[in-house]
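Take a look at the structure below.
The values are calculated or read from the model by the stated rules, or taken from the named source; none is laboratory data. All figures in this text were calculated on a predicted structure; none of them were measured in a lab. All Cβ positions, glycine included, derive from the backbone under ideal geometry; neighbour counts span all protein chains shown.
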Amino acid sequence: MNELYQTLKKFGKVKLDEPMSKHTTFKIGGPAKYFVIVDDTDKLVELLKFLDGEGEDYILLGGGSNTLMRDEGYRGVVVKIQNSSRFNRNKIQNSLVEISAGCSTVATAQETIKAGLTGFEWGVGVPGTIGGAVRGNAGIPSGEMKDNLLKCEVYRDGEILELSNAECEFGYRDSIFKHNTDVILRVWLKLEQGTNIDLQKKAFEYIDHRNKTQPKGFTAGCVFKNVPCKTLDAKILEKIPQEYIEKGKIPAGWLVDQVGMKGAEQGKAKVSEVHGNFMMNMGGARAQDVCDLVEKVKEKVYTRYGIELYEEVQII
Ligand SMILES: Cc1cc2nc3c(=O)[nH]c(=O)nc-3n(C[C@H](O)[C@H](O)[C@H](O)COP(=O)(O)OP(=O)(O)OC[C@H]3O[C@@H](n4cnc5c(N)ncnc54)[C@H](O)[C@@H]3O)c2cc1C
């Protein structure tokens, strides 16, 4: 049996030629030559050191909820970080919550609510892992990871480092981790005691809003980042409704709608009719179908508005 396969088994559960469509919320993606599920942070560090030492190509996957894996798959090692069953309430002390990167964001939010803490209720509707959420500075209009994170621990070139919030260089759906190869291992959220706040009600309202505004099905959430108005010149802004200019961002979904792409189809991929910034796999869509739709939308928006859209979804 293959030597690499045997060694990888020391670190977690290994599968060969595993279809990535089984591990992404889009349900799209060809096979990973090696697929390792690691549910322990120490083992993860050992694995990363091994892969770096051997010069093996690898990529990371959390919940696969912000990822479009290509049809040809990945010829190296896909490391799936998954500690979702390991959220431990003992890790909450004085409103400081320690979480392993592979814990589910939804479960983390639910546990902080149960512990009577406020600040992270917005996480109840965001799929995926805390590590993925930190990398992308996930959030909703009323909160994002950068508002809650005190510090995090990362693996960088064989070393374990602790980074402060400022050192994460958060921006709108952006962080230093989108521009380097750090692996987020552990995260500390600084929350507050939720005295006099009905936390469950707040969480319910977030979920209710999602249910009313977002489509159900195989998707990776928003495909494009909303467009910050400050990046646009006055001539372009003349075509944009005042309410978005006042809020400082143009919703990408609105632009998609304006150029008539809501409901557009390519193969089995479709732009949602419910929310213009969601693309759906209607069953058997290829990554190429989604990429073709992405390009069509970008071209139409650029031609009509002179605005360049950038992907929020990670295409790997
Ligand atoms: C229905 C739906 C609704 C959504 N709503 C929202 C929303 O409201 N707000 C929002 O911001 N997003 C939203 N998303 C997108 C997605 O849920 C978030 O971006 C989420 O935080 C991604 O986490 P993940 O673990 O699934 O990341 P993955 O898709 O697994 O990975 C994304 C990227 O992060 C990298 N990565 C993963 N883990 C680590 C780690 N530990 N260290 C370093 N890099 C890592 C991966 O290599 C990849 O490049 C939604 C998605 C869906 C399907």
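Mind checking whether some residue in the stretch 66-80 is within 12 Å of the ligand (Cβ to nearest atom), modelled with pLDDT of 95 or more, out of contact with any strand residue (DSSP E or B) (no Cβ under 6 Å at 6 or more places or on another chain) and not in a helix (DSSP H, G or I)?
yes
Which residues, counting only those in the stretch 24-39, are surrounded by fewer than 23 Cβ atoms within 10 Å (Cβ to Cβ) and outside any strand (DSSP E or B)?
THR25, LYS27, GLY30, ASP39
Quickly run through the stretch 178-204 and pick out the residues that are within 16 Å of the ligand (Cβ to nearest atom), in a loop (DSSP other than H, G, I, E, B) and out of contact with any strand residue (DSSP E or B) (no Cβ under 9 Å at 6 or more places or on another chain).
Scanning the stretch 178-204 gives a single hit, HIS179.
Only one residue in GLY221, GLY260, GLY306, GLY248 is within 24 Å of THR24 (Cα to Cα) and not assigned by TED's automatic domain parsing to the domain that holds LEU61, so which one is that?
The conditions single out GLY221.
Being under 30 Å from SER142 (Cβ atoms) and either away from the ligand (no atom under 16 Å from the Cβ) or in the same structural domain as GLU72 (by TED's automatic domain parsing) (or both) is the requirement here; does GLU295 meet it?
Considered against the rule, which asks whether it is under 30 Å from SER142 (Cβ atoms) and either away from the ligand (no atom under 16 Å from the Cβ) or in the same structural domain as GLU72 (by TED's automatic domain parsing) (or both), GLU295 comes out as no.
Name, by its number, the condition in (1) among the charged types (D, E, K, R); (2) in contact with a Gly (Cβ under 6 Å, 6 or more places away or on another chain); (3) within 23 Å of ILE140 (Cβ to Cβ) that does not hold for LYS268.
Here LYS268 clears every test but (3).
Does LEU255 fit the bill of being in contact (Cβ under 8 Å) with a residue 12 or more places away in the chain and part of a helix (DSSP H, G or I)?
For LEU255, the condition - in contact (Cβ under 8 Å) with a residue 12 or more places away in the chain and part of a helix (DSSP H, G or I) - is met.
Picking from THR25, THR67, which residue would you name as being outside the structural domain of VAL154 (by TED's automatic domain parsing), under 18 Å from ALA133 (Cβ atoms) and out of contact with any helix residue (DSSP H, G or I) (no Cβ under 9 Å at 6 or more places or on another chain)?
THR25
Out of all the residues in the stretch 225-255, which are aliphatic (A, V, I, L, M) and under 21 Å from the mean Cα position of the chain (by Cα)?
Hits for the stretch 225-255 are VAL227, ILE250, ALA252.
Having 2 or more residues that are closer than 27 Å to PHE11 by Cβ is the bar; report the helices (runs of 4 or more DSSP H) wholly within the stretch 82-177 that clear it.
Of the helices (runs of 4 or more DSSP H) lying wholly inside the stretch 82-177, those with at least 2 residues that are closer than 27 Å to PHE11 by Cβ span 105-114, 130-135.
Have a look at ALA115, ALA109, ALA166 and point out the one that is touching a helix residue (DSSP H, G or I) at 6+ places or on another chain (Cβ under 6 Å) and small (Gly, Ala, Ser).
Checking each option against the conditions leaves just ALA109.
Could you give every pair whose Cβ atoms fall below 9 Å, whose first residue belongs to the stretch 50-71 and is among the basic types (Lys, Arg), and whose second residue is in a helix (DSSP H, G or I) and more than 6 Å from the ligand (Cβ to nearest atom), counting only separations of at least 6 or pairs across chains?
Every condition considered, the pairs that remain are ARG70/MET20; ARG70/ALA287; ARG70/GLN288; ARG70/CYS291.
Kindly provide the set of residues from the stretch 124-145 that are among the polar types (S, T, N, Q) and surrounded by fewer than 20 Cβ atoms within 10 Å (Cβ to Cβ), ordered by number.
Within the stretch 124-145, just SER142 meets the criteria.
Show the residue pairs meeting these rules: Cβ distance below 6 Å; 6+ apart or different chains; first residue within the stretch 135-155 and among the acidic types (Asp, Glu); second residue within 9 Å of the ligand (Cβ to nearest atom) and in a strand (DSSP E or B).
Partner pairs satisfying both residue conditions: GLU153/LEU185.
Being within 19 Å of GLN214 (Cβ to Cβ) and outside the structural domain of HIS23 (by TED's automatic domain parsing), is that true of even one residue in the stretch 228-241?
The answer is no, given that none of the residues of the stretch 228-241 is within 19 Å of GLN214 (Cβ to Cβ) and outside the structural domain of HIS23 (by TED's automatic domain parsing).
Has the stretch 295-307 got any residue that is assigned to a loop (DSSP other than H, G, I, E, B), touching a strand residue (DSSP E or B) at 6+ places or on another chain (Cβ under 7 Å) and surrounded by fewer than 17 Cβ atoms within 10 Å (Cβ to Cβ)?
The answer is no; no qualifying residue exists.
Looking only at the stretch 189-224, filter to residues that are of a type in the set (D, E, K, R) and touching a helix residue (DSSP H, G or I) at 6+ places or on another chain (Cβ under 7 Å); which one of those is nearest to GLY119 (Cα to Cα)?
For the stretch 189-224, the residue satisfying everything is LYS190.
Specify which of the listed residues (GLU46, GLU18, GLU56) is within 16 Å of the ligand (Cβ to nearest atom), in a helix (DSSP H, G or I), more than 30 Å from LEU199 (Cβ to Cβ) and of a type outside the set (Phe, Trp, Tyr).
Going through GLU46, GLU18, GLU56 in turn, just one is within 16 Å of the ligand (Cβ to nearest atom), in a helix (DSSP H, G or I), more than 30 Å from LEU199 (Cβ to Cβ) and of a type outside the set (Phe, Trp, Tyr): GLU46.
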